[in-house]
Each structure stands twice: as structure tokens, then as C-alpha cells.
Amino acid sequence: MSRTALLLMDLQRTHIAHLPADYLPRAVRALNAARAAGVPVIHVALQLRRGHTDVHPRNKIFGALPPHLFTADDPGAAIHPDVAPADGEIVVHKNRVSAFAGNNLQQILTAQDVGHLVLAGLSTGGIVLSTALQAADLDYRVTVLSDACADPSPALHDTLINEVLARRGEVATVGEWERSLSRDGR
């Protein structure tokens with residue numbers, strides 16, 4: 001039987017700084033629930049090459065970024081300390097929107113016998129949507145933690161959670177997911 005893993009995605013200082021203060025405690029709660037239940041946690045963060053040599057100028061999302069942002073030297077690209085990886089937790093860097101882009105995430109999931117991905121992160125219209133769609137196409141069971149995801153546009157967040165992502169997988173609040181972990185004996 002395959003395992004469940006929590007993917008905490010793009011919870012980097014720069015991204016979190018643009019969200020309401022009530023977001024981060026929900027992400028922390030999801031992280032703590034996973035750790036308490038023994039669910040593996042994988043942190044996914046955007047990291048581009050110095051000078052953005054891996055970004056084409058036509059890329060509307062990344063091509064407009066100043067070349068010092070989201071590089072290994074950028075303090076704003078660090079994972080927020082409230083959700084920082086613990087010893088032994090995997091960190092995967094990506095160079096595009098999807099958590100699967102430019103890395104070996106799928107290989108790690110296969111090696112860890114993960115078949116169920118629980119997604120939390122920023123933004124709903126970016127990494128959450130693209131990762132959920134790709135994961136579903138790769139035959140992973142997907143659960144999106146609706147209140148541990150956020151988007152600069154609350155209306156877009158609501159539409160994606162209720163009308164798009166709910167059709168591709170499961171949607172649950174952090175509290176509902178915590179209760180399911182207790183029921184499953186994890």
C-alpha cells in the first residue's frame with residue numbers, strides 16, 4: 001500500500017510576505033499534523049540559477065523577475081522559518097511553476113512509495129493548480145488543503161478550490177485532514 005506525503009510548496013519569505021497574517025498558522029498546523037502522524041513532508045521551493053540563466057525572457061512569470069530574486073543567494077527565497085524543514089525532511093527545488101519542474105520529485109516519490117499527495121502552498125493559481133493537475137495525470141491520489149493554500153486573488157482561490165481542484169481530487173481543510181489522520185491510525 002502506498003504512502004501519503006505532504007508537499008509544502010513555495011512557502012518562501014517573499015511569497016508569504018504578500019499574504020494576510022492568518023495564512024501562515026494554517027500551513028504550520030498542516031505541517032505539525034503531518035509530523036505528528038509520521039507523514040513524510042517534502043518542501044518544494046522555487047530556486048533559479050544566478051542571473052536567471054535558466055529563464056527565457058518570453059516566460060511571462062519568471063522572465064520579468066529581477067535576476068537576483070529566487071536564487072540561492074536571495075534571503076527572500078528561503079523557506080519561512082515557521083515551516084522550515086526539520087532534519088531528514090526532503091527539500092526539492094523547482095525552476096518553473098509546477099513542483100515537478102526541473103527536479104527529481106517524481107523519482108523521490110516513487111522511491112518513497114508515495115501514492116497520495118497532500119498539497120499546501122502558494123499560490124493556488126500557480127504551483128497548487130499546476131502540481132495538482134500534473135500529479136493527477138501521473139496517477140497520484142491528490143488532496144488539496146483548501147485553507148493551507150492561498151492566492152493573491154481570493155476569488156480565483158475560491159473558484160479553483162471549489163470548481164476545478166475538487167473535480168481532480170479531494171479538497172479538505174487542515175482540520176478535516178487532521179481528523180482523517182487520527183481515524184486512519186497514523
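Quick notes
- The residues of the chain have, on average, 49 Å² of accessible surface per residue, using a 1.4 Å probe with all protein chains present.
- In the chain, the calculated helix contribution to ellipticity at 222 nm averages -7500 deg cm²/dmol per residue, counting -39,500 (n - 2.57) for every DSSP H run with n ≥ 4.
- Once all protein chains are placed together, residue 89 keeps about 40 Å² accessible to a 1.4 angstrom probe.
- Approximate spin-label separation residue 166-residue 22, in nm, with each point projected 7 Å along Cα-to-Cβ: 2.0 nm
- The alpha-carbon positions of the range 36-144 define a convex hull whose volume is 118 Å³ per residue.
- Calculated from the alpha-carbon coordinates, the range 1-63 shows an Rg and a Dmax of 15.6, 44 Å respectively.
- Net dipole in debye of the chain [+1 Lys, Arg Cβ; -1 Asp, Glu Cβ; about Cα centre; nearest 20]: 240 debye
- The value of relative contact order for the chain, using C-alpha pairs under 8 Å at least six residues apart, is 26 percent.
- Sites listed here are trypsin sites (Lys or Arg not before Pro) in the range 56-128 whose DSSP assignment is loop and whose Cβ has at most 14 other Cβ atoms within 10 Å: 58, 60.
- A full extension of the chain between residue 58 and residue 107 corresponds to an added length of 14.7 nm, given 0.36 nm per residue minus the alpha carbon distance.
- Pair-distance profile P(r), taking every C-alpha pair of the chain, with 5 angstrom steps and integer %: 1, 8, 17, 22, 22, 16, 9, 3, 1, 0
The values are calculated or read from the model by the stated rules, or taken from the named source; none is laboratory data. This structure is a prediction, so every number in the text was calculated from the model and none was measured. Neighbour counts run over all protein chains shown; Cβ positions are idealised from the backbone, glycine included. The protein model used for the area step is the full one, side chains on, heavy atoms only, and it has no ligands, DNA or RNA in it. Shrake-Rupley method; radii C 1.70, N 1.55, O 1.52, S 1.80 Å.
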